[in-house]
Amino acid sequence: MDIEQILEERIFEALTALFGKRPESLQIQPTNVEFEGTHTLVCFPISKIAGKGPEETARLIGEYLLQHAGIVSKFNVVKGFLNLSLSDATWLQVFGNILSSPQYGVVPPSGKEIMVEYSSPNTNKPLHLGHLRNNFLGHAVAKIYEALGYKVRRVQIINDRGIHICKSMAAWKNFGKGETPASSGLKGDKLVGKYYVEFDRAYKSEIKALEEKGVSKEAAEKEAPIMKQAVDMLQRWEAKDPEILSLWKMMNGWVYEGFEATYRRMGVSFDKLYYESQTYLLGKDEVLRGVEQGVFFKKEDGSVWVDLTSDGLDQKVLLRSDGTSVYMTQDIGTAILRFRDFPNIEGQVYTVGNEQEYHFKVLFLILNKLGYAWARKCYHLSYGMVDLPSGKMKSREGTVVDADDLMAEMAEEAARQTQELGKIEGMTDSDLNALSEMIGLGALKYFLLKVDPKKRMLFDPNESIALQGHTGPFIQYTHARIRAILRKAAERGMHVDPGMKVNATVLDPSERAVIAKLYQYPAKVLDAAQTYSPAVVANYAYELAKEYNQFYQTIPIFSEEDPARLQLRIAFSNCVGDVLKKAMGLLGIDVPERM
RNA sequence: GGGCCUGUAGCUUAACUGAAUAAAGCAUCUGACUACGGAUCAGAAGACUCGGGGUUUGAAUCCCUGCAGGCUCACCA
């Protein structure tokens, strides 16, 4: 049942009957809270057609609708705005539809398929706050598309080769004394990260020593023994030196184990992992094919370029003069490989920070030039940096917020506040632990997802850890309270099932408001998908919880004497709980039965 | 220098496919548990939507311009 569409049809009928003509489209918008009604028709554009003033036009339409439309029960006119109230019967019908569809807001599988890439870290450093935003965003977008009937393929590309990992290897070899995650008790990614830092320290002191001997800065940067060692390792890696390969495999293995633990706690997962070490050569063939087709061109020195000046960009190198690949080449190869691996996907969503906007613009243009029609369906889900109150996160200054530490702190804070409120009598330690995890992670995920992805955001630790106000735990709390009501109802023998008939005929304004909010859910999910913005769902869940809390505070449910109205309130609390759970589920956030 | 993005109460955010007195949260102040869970609710106070022009019956929203901040423009990844 599409209220907007029905209303639109009725209004068109009214316009034809009243004025003999109708505009192409209507402007119907939600009524501002200070006025009575839910839908507002903006009459300024219509008044021209009607040949009457906006107010009179609005009044005429309102009267016509009241008499003929059926679903309109009241109207008022403010300036050129026609505010309409729909009848309780209409709202009850809307609610009946929601109640009777357990899959409300979920589209059955459509056969469509899409790929979402997120995370994609380097393997020399542990995951940090920025990765959390990335992973939560990608994971949420994947969930949202699933709700719209898509089969979603979650992937990431792991940057497992290159000079950065060789730096950690060189430092470990020099200073590690055979240290392993097992011997040190450190998580694998932390251990490798430690040696990356170690490299930097040793490198700097070597440069300083050389400079003191009178070597120029530039020469010192190249001559520093540990850097020479790292470069040497990279060359030997490319030559498939078995000793280097086994060291590389061992250290990357540590990192993957460490990452895996972090992903598990974050609640994200992947269907397939791509490794640059396995894909970096693949783009080269495509680029050479492009040269044959005349899409790219070769310079005298042998380097290959693409000319994007006609697209308002410049020329980009695709193969170095020595024939080796650059980053772009790899990404071309990886994209094509993915479409071969998953032939049914209609497109790819790349969850990557906004510093790579130019890169993706170029990548998609190149894929298009190579003749891949799916290039148009590739989307760069670009998101802004996460700043700290002290400014940008900088690893050099040690201001990076570690993902594991942050999740642990959030769970601890949740545990502390839960204890303080003392509502969890009789819970076992393991239940309590799971609850703290749910609330802490819920607060963190919600905090990072409620902001429009494309905006740069500020991460204030004090604010992120708050559990009141516009937060995840606020919504979790609303859900828990609804579940408590349903338990009480069940004790009294009242149950909710989708097939039940709602006998109530009258609604309280606060009930109407909640039903109107519930009704918006599918449209919000669609909007979130089309704009690749989980923030839409996050803000919706908050609005629904807030609307319900207002109802809850004004209407004592169980003191209602009319059984039909009591039944309605139980049923509708149940629906709100379900939608909150679903909406939060799309964000990767669980909701508790009690808290 | 070229390109892209952002600028909204003290702070963090909504609204950005043009509409009414710009909507919330935090912080501040005032109220509400003999009632279903106060991690809640009600109320007060708080904004010339960065500045200046323009289009429009109507601009936070669209156009031009200036200012501030960010990202980017490698034979790096």
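The values are calculated or read from the model by the stated rules, or taken from the named source; none is laboratory data. These numbers come from a predicted model, not from an experiment. Positions of Cβ are generated from backbone atoms using ideal geometry, with glycine treated the same way; all protein chains shown enter the neighbour counts. For the accessible areas, the whole protein counts, side chains as well, though only heavy atoms, and no ligand, DNA or RNA atoms are used. Shrake-Rupley method; radii C 1.70, N 1.55, O 1.52, S 1.80 Å.
Within the shell of other residues whose beta carbon sits under 13 angstrom from the beta carbon of A:Leu92, the net charge comes to +1, with Lys and Arg scored +1 and Asp and Glu -1.
What segment A:162-267 shows is 54 Å² of accessible area per residue, with the surface traced by a 1.4 Å probe over protein heavy atoms.
Quote the Stokes-Einstein diffusion coefficient, in whole µm² s⁻¹, for segment A:122-234, based on the Kirkwood radius over alpha carbon pairs, a temperature of 4 °C and a viscosity of 1.567 mPa s. Spell out each step's value before the answer.
Numbers: Rh = 16.6 Å.
The diffusion coefficient I find is 78 µm²/s.
Extending 7 Å from Cα along the Cβ direction at A:Phe558 and again at A:Ser110 yields two label points whose distance is 4.4 nm.
Cross-link partners of A:Lys21 among lysines, defined as those whose alpha carbon lies under 29 angstrom from its own and excluding same-chain residues fewer than eight positions apart: A:Lys48, A:Lys52, A:Lys74, A:Lys79. A full extension of the chain between A:Asp271 and A:Gln530 corresponds to an added length of 90.9 nm, given 0.36 nm per residue minus the alpha carbon distance.
What is chain A's relative contact order, in percent, from Cα pairs under 8 angstrom and six or more apart in sequence? Computed value for chain A: 15 percent relative contact order. Net charge of the neighbourhood of A:Thr418, taken over other residues with C-beta under 13 Å away and scored Lys/Arg +1, Asp/Glu -1, is -4. Legend: calculated FRET efficiency, A:Lys213 to A:Glu463, from the Cβ-Cβ distance at R0 = 45 Å, rounded to 0.05, equals 0.30. Around the amide H of A:Arg154, modelled in the peptide plane, lie the amide H atoms of A:Val116, A:Asp271, A:Lys272, all under 5 Å away and 5 or more residues distant in sequence or on another chain. Across chain A, the convex hull enclosing all Cα atoms gives 212 Å³ per residue. A Förster radius of 22 Å combined with the Cβ-Cβ distance from A:Phe35 to A:Lys546 puts the calculated FRET efficiency at roughly 0.70.
In percent, what relative contact order does segment A:92-233 have, based on Cα pairs under 8 Å that are 6 or more apart in sequence?
Reported relative contact order: 24 percent.
For chain A, the mean residue ellipticity at 222 nm estimated from helices alone is -18500 deg cm²/dmol, where every DSSP H run of n ≥ 4 contributes -39500 (n - 2.57) and the total is divided by all residues, rounded to the nearest 500.
The residue list A:Phe297, A:Leu60, A:Ile482 was ranked by how far each Cα lies along the charge dipole of chain A toward its positive end, using unit charges on Cβ atoms, and A:Phe297 comes out on top. Between A:Gln356 and A:Ala484, the modelled labels are 4.6 nm apart [label points 7 Å from Cα along Cα→Cβ]. If the segment from A:Val42 to A:Trp374 were pulled out straight at 0.36 nm per residue, it would be longer than the present Cα-Cα gap by 115.5 nm.
Considering only A:Pro522, A:Val197, A:Gly162, the residue lying farthest towards the positive end of the dipole of chain A is A:Gly162, judged by Cα position with unit charges set on Cβ.
Fully extending the segment from A:Asp452 to A:Glu8 would add 156.8 nm, taking 0.36 nm per residue of separation and subtracting the current Cα-Cα distance.
Quick one: if the Förster radius is 60 Å, what FRET efficiency do A:Thr16 and A:Tyr256 give, using the C-beta to C-beta distance and rounding to 0.05? The partial results should precede the final answer.
Numbers: r = 67 Å, r/R0 = 1.11.
The calculated FRET efficiency here is 0.35.
The translational diffusion coefficient of segment A:540-584, from Stokes-Einstein at 25 °C and 0.890 mPa s with a Kirkwood hydrodynamic radius over alpha carbon pairs, comes to 221 µm²/s. On a C-alpha basis, how far is the centre of segment A:471-495 from the centre of segment A:525-557 in Å? Whole number, if you could? When both Cα centres are located, 17 Å separates them.
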